[in-house]
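**Q** Sending over a structure as structure tokens; questions will come in a sec.
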Amino acid sequence: MCGIVAVSAHRNVVDIIVHGLQTLEYRGYDSAGIAIVAGDHIAIRKQAGKLSNLKAELKANPVTGHVGIGHTRWATHGEPTSANAHPHDSNNAIAVVHNGIIENYRPLREKLLAAGYVFKSETDTETLVHLVHHYQAQGKSFSAACHQAIGELEGAYAVAITCMSDPNRIIAARKGSPLIVGLGENENYVASDVQALINETNQFYYLEDGDVVEITQDECLLFDQSGAAVERELKTVTMSSDALTKDGYAHYMLKEIHEQPTAVANTIADRLYNDKISKYFIDQATAAILEQVENIHIIACGTSFHAGMVARYWLEAITQIPTQVEIASEYRYRKPVVPKNTLFLTISQSGETADSLAALRFAKTAGYLSTFAVCNVANSSLDRETDVCFLTHAGPEIGVASTKALTTQLAVLALLTLKLAEIKNVDEAIRSNLAKQLRTLPGIINQSLLLNDQIKVIAEQIVRRDNALFLGRGVHYPVALEGALKLKEISYIHAEGYPAGELKHGPLALVDEKMPVIAVCPNDELLEKLESNIEEVRARGGELYVFVDHKSQHGLKDRVNHLIEMEASGTFTSPIVFNVPLQLLSYHVAVLRGTDVDQPRNLAKSVTVE
């Protein structure tokens, strides 16, 4: 969600911080700010709106210094105004930036008001900076005051704090919200994501929950939640800064849609061999767990939830393993029954999704056989905390609306399904056919990208509408849900995904000549039933757009005005393929409507708060 960049160096840090914040813009934000220790005061510059507003402010009122903290904020407590933007200060002696939510800020605020502190914002964050100042005023050092104040916080947070009384030092901490430490030559850094610092260093510590770190230009001290000095493994991260550019595309989302053939190829590369699951996919310990699996619970949010829904169809149809799929934010607040030998599987692009992480932490106490994850970010909280994590190799995904993360998640889930099919002794010929479909998937996705010009024409018709229905049946029902989600995420058109068989149970009342109905029509055993549902829409004057497998023996050509024929591979991988043209459709509609495609309003890339 929000972005943090903090630097202590022997050079001016303003450009480092601003560039770091710029690489984190994809996360979504509504204000930005920077605090620099500048001689005898802390200079704060902050503005509501985009980072360009902060840059303009810095140009008009420049500042320099060797220590500073920066932030892009996505509003939770208080409106997105300059007053509520971070950093916040206390008596111009201490400044703080903060991601997350301080749940006990009200009693802390009352305590500080009683002590005479004046609050300038509506945020929960301002309580922390005044609390640190309060303890320093009692004679504590900057370090001791920070440790005490941080210890009183409840909720999820990542914070970075700087101070006039110890001007080279930055103190940072995390609990439930990601934070990393970067090591450089005669300078050190803190950020909410390695991408913010990849131009400066490739050496990182990933902080654990409860960790506190103190950095200066020349040292880095790590402490655990008890306050004891601790060592963390130093990781070398290999990531090209080129991956963070648009590479000639108009938007990151369009670039990432077109990266899907390569991303899927990288994801299955050494995990599939001779139309079989490779020995490199899992180790013996993981195989031993899978041999015991009798049930599977899949927990995820948003697009990842839709990936889990597809996987449920695969797992039950191919392996006969009972599988449940649940939204993480709902799962957290009920008392799930965990049958014997149930595998817990959570899916997250970022590996930092708050609800999914909370579900994982609950699962570790709930009697599951083991916890597995599918994730795109190595060394993320999810990667570190789960028993087994399958990385997707999608590369950085900058656009808020997930595209290549979804297709690579589905590729991994397909691999896992094939491995379980092998363990369950599913017929080898069946397994070989499914593996062949997966092996040829990158090329099929590439074919679907050739529909781009045809989809542009369709987008010009849908852009005038305020609502849309997406229909699918069976394993393609989640594809309809995902298509609707993409359209509303980036174009702001109200869209709903429905199982096509449910039309007559309510949604058909909405269908008239002004209602675009987008149907996913694969070549499977439900084709005839789906044709009947399409006929229901046509009879009521609905504006039909049907994506159909060109190999299918359908009777739609003379009945549907907008028929998009495509190569959809086999029935196993077709849910992955059908997602791609729906992504292009949403993209082109959004471009025509003039919305912010990569950073849609009110949304964040990584949802690290509840």
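The values are calculated or read from the model by the stated rules, or taken from the named source; none is laboratory data. What you are looking at is a predicted structure, and each value in this text was computed from that prediction instead of being measured. Ideal geometry is used to build each Cβ from the backbone, glycine not excepted, and the neighbour counts take in all protein chains shown.
**Q** Looking at ALA269, ALA250 in this structure, which one is surrounded by 12 or more Cβ atoms within 10 Å (Cβ to Cβ) and in a helix (DSSP H, G or I)?
**A** On the way: ALA250 fails: in a helix (DSSP H, G or I).
Only one candidate passes the filter, namely ALA269.
**Q** Let me ask something else about it. Which of the residues that make up the stretch 302-327 are touching a helix residue (DSSP H, G or I) at 6+ places or on another chain (Cβ under 6 Å) and either in a helix (DSSP H, G or I) or among the polar types (S, T, N, Q) (or both)?
**A** Scanning the stretch 302-327 gives THR303, HIS306, ALA307, MET309, VAL310, ALA311, TYR313, TRP314, LEU315, ILE318, THR319, THR323.
**Q** So is ALA495 crowded, with 23+ Cβ neighbours inside 10 Å, outside any helix (DSSP H, G or I) and at pLDDT 85 or above or not?
**A** Values: crowded, with 23+ Cβ neighbours inside 10 Å: yes; outside any helix (DSSP H, G or I): yes; at pLDDT 85 or above: yes.
When the stated conditions are applied, ALA495 passes them.
**Q** With GLN284, GLN292 as the choices, which residue is modelled with pLDDT under 95 and out of contact with any helix residue (DSSP H, G or I) (no Cβ under 7 Å at 6 or more places or on another chain)?
**A** Checking each option against the conditions leaves just GLN284.
**Q** Would it be correct to say that ILE299 is outside any helix (DSSP H, G or I) and either farther than 30 Å from VAL591 by Cβ or touching a Ser or Thr at 6+ places or on another chain (Cβ under 9 Å) (or both)? Give the steps one after another, and end with the answer.
**A** Values: outside any helix (DSSP H, G or I): yes; either farther than 30 Å from VAL591 by Cβ or touching a Ser or Thr at 6+ places or on another chain (Cβ under 9 Å) (or both): yes.
It is true that ILE299 is outside any helix (DSSP H, G or I) and either farther than 30 Å from VAL591 by Cβ or touching a Ser or Thr at 6+ places or on another chain (Cβ under 9 Å) (or both).
**Q** Filtering the stretch 43-58 down to residues that are of a type in the set (A, V, I, L, M, F, W, C) and assigned to a helix (DSSP H, G or I), which residue is nearest to TYR29 (Cα to Cα)?
**A** Residues of the stretch 43-58 of a type in the set (A, V, I, L, M, F, W, C): 43-44, 48, 51, 54, 56, 58.
Going one step further and asking which of them are assigned to a helix (DSSP H, G or I), we end up with 51, 54, 56, 58.
Numbers: LEU51: 9, LEU54: 13, ALA56: 17, LEU58: 19 Å.
Top of the filtered list is LEU51.
**Q** Separate question: Six or more apart or on different chains, Cβ under 6 Å: which pairs go from a residue in the stretch 129-147 that's assigned by TED's automatic domain parsing to the domain that holds ASP224 and farther than 14 Å from ILE42 by Cβ to one that's among the hydroxyl-bearing types (Ser, Thr, Tyr) and crowded, with 18+ Cβ neighbours inside 10 Å? Could you list them?
**A** Short answer, once both residue conditions are applied: HIS130/SER90; HIS130/TYR117; ALA145/TYR135.
**Q** Continuing with this model, one more query. Quick one: LYS255 ticks every box in (1) over 24 Å from ASP598 (Cβ atoms); (2) crowded, with 16+ Cβ neighbours inside 10 Å; (3) of a type outside the set (Gly, Ala, Ser) bar one, so which box is it?
**A** Of everything listed in (1) over 24 Å from ASP598 (Cβ atoms); (2) crowded, with 16+ Cβ neighbours inside 10 Å; (3) of a type outside the set (Gly, Ala, Ser), LYS255 misses just condition (1).
**Q** Next question. Which members of the stretch 46-85 meet the condition of being more than 15 Å from ILE16 (Cβ to Cβ) and charged (D, E, K, R)?
**A** LYS46, LYS50, GLU57, LYS59, ARG73, GLU79
**Q** Right, here's the next one. If you check every pair at least six apart or on different chains, which have Cβ atoms under 6 Å apart with a residue in the stretch 244-268 that is closer than 18 Å to ILE444 by Cα first and a residue that is acidic (Asp, Glu) and assigned to a loop (DSSP other than H, G, I, E, B) second?
**A** Pairs found: LYS255/ASP247; GLU256/GLU397.
**Q** For the stretch 188-214, which positions are touching a Lys or Arg at 6+ places or on another chain (Cβ under 6 Å) and closer than 11 Å to PRO178 by Cβ?
**A** Result: LEU207, ASP209.
**Q** Mind counting the residues in the stretch 13-41 that are part of a strand (DSSP E or B), touching a Gly at 6+ places or on another chain (Cβ under 9 Å) and in contact (Cβ under 8 Å) with a residue 40 or more places away in the chain?
**A** We begin by selecting, within the stretch 13-41, every residue part of a strand (DSSP E or B); these are 31-38, 41.
Now narrow it down to the ones that are touching a Gly at 6+ places or on another chain (Cβ under 9 Å): 31-38.
Pick out the ones that are also in contact (Cβ under 8 Å) with a residue 40 or more places away in the chain and you get 31-35, 37.
Adding up the residues that qualify gives 6.
**Q** When the residues of the stretch 157-185 are filtered to those that are in contact with a helix residue (DSSP H, G or I) (Cβ under 6 Å, 6 or more places away or on another chain) and hydrophobic (A, V, I, L, M, F, W, C), which remaining residue is farthest from THR353 (Cα to Cα)?
**A** Only one residue tops the list, namely CYS163.
**Q** Ok, one more. So, of the residues in the stretch 68-127 that are of a type in the set (Gly, Ala, Ser) and in a strand (DSSP E or B), which turns out to be nearest to LEU54 (Cα to Cα)? Please lay out each step first, then the result.
**A** Going through the stretch 68-127, the residues of a type in the set (Gly, Ala, Ser) turn out to be 68, 70, 75, 78, 82-83, 85, 90, 93, 95, 100, 114-116, 121.
With in a strand (DSSP E or B) added as a condition, the list becomes 68, 70, 90, 95, 100.
Details: GLY68: 15, GLY70: 11, SER90: 21, ALA95: 17, GLY100: 22 Å.
By that ranking, first place goes to GLY70.
**Q** Now for a separate question. Taking the condition farther than 26 Å from ASN84 by Cβ and not aromatic (Phe, Trp, Tyr), does GLU152 pass?
**A** Numbers: farther than 26 Å from ASN84 by Cβ: no; not aromatic (Phe, Trp, Tyr): yes.
Spelling it out, it is not the case that GLU152 is farther than 26 Å from ASN84 by Cβ and not aromatic (Phe, Trp, Tyr).
**Q** Another one. Looking at (1) more than 23 Å from LEU485 (Cα to Cα); (2) out of contact with any Leu (no Cβ under 9 Å at 6 or more places or on another chain), can you tell me which one VAL325 breaks?
**A** Just one mismatch for VAL325, condition (1).
**Q** I've got another one for you. Taking VAL237 as meeting all but one of (1) closer than 22 Å to VAL412 by Cβ; (2) modelled with pLDDT of 90 or more; (3) of a type outside the set (D, E, K, R); (4) surrounded by 17 or more Cβ atoms within 10 Å (Cβ to Cβ), write down the number of the exception.
**A** VAL237 satisfies every listed condition except (2).
**Q** Counting just the residues of the stretch 268-281 that are hydrophobic (A, V, I, L, M, F, W, C) and within 25 Å of the chain's Cα centre (by Cα), which one comes out nearest to THR408 (Cα to Cα)?
**A** ILE268
**Q** Specify the residue that is nearest to ASP166 (Cα to Cα); the eligible residues are those in the stretch 103-146 that are hydroxyl-bearing (Ser, Thr, Tyr) and surrounded by 15 or more Cβ atoms within 10 Å (Cβ to Cβ). Talk me through it step by step, then tell me what you get.
**A** At the first step, the residues of the stretch 103-146 found to be hydroxyl-bearing (Ser, Thr, Tyr) are 105, 117, 121, 123, 125, 127, 135, 141, 143.
Cutting the leftovers down to surrounded by 15 or more Cβ atoms within 10 Å (Cβ to Cβ) gives us 105, 117, 121, 123, 125, 127, 135, 143.
Working: TYR105: 26, TYR117: 22, SER121: 25, THR123: 25, THR125: 21, THR127: 21, TYR135: 15, SER143: 9 Å.
Taking the candidates together, the pick is SER143.
This table checks each residue for (1) small (Gly, Ala, Ser); (2) under 27 Å from THR595 (Cβ atoms).
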{"residue": "LEU290", "(1), (2)": "no, no"}
{"residue": "ASP355", "(1), (2)": "no, yes"}
{"residue": "ASN376", "(1), (2)": "no, yes"}
{"residue": "ALA401", "(1), (2)": "yes, yes"}
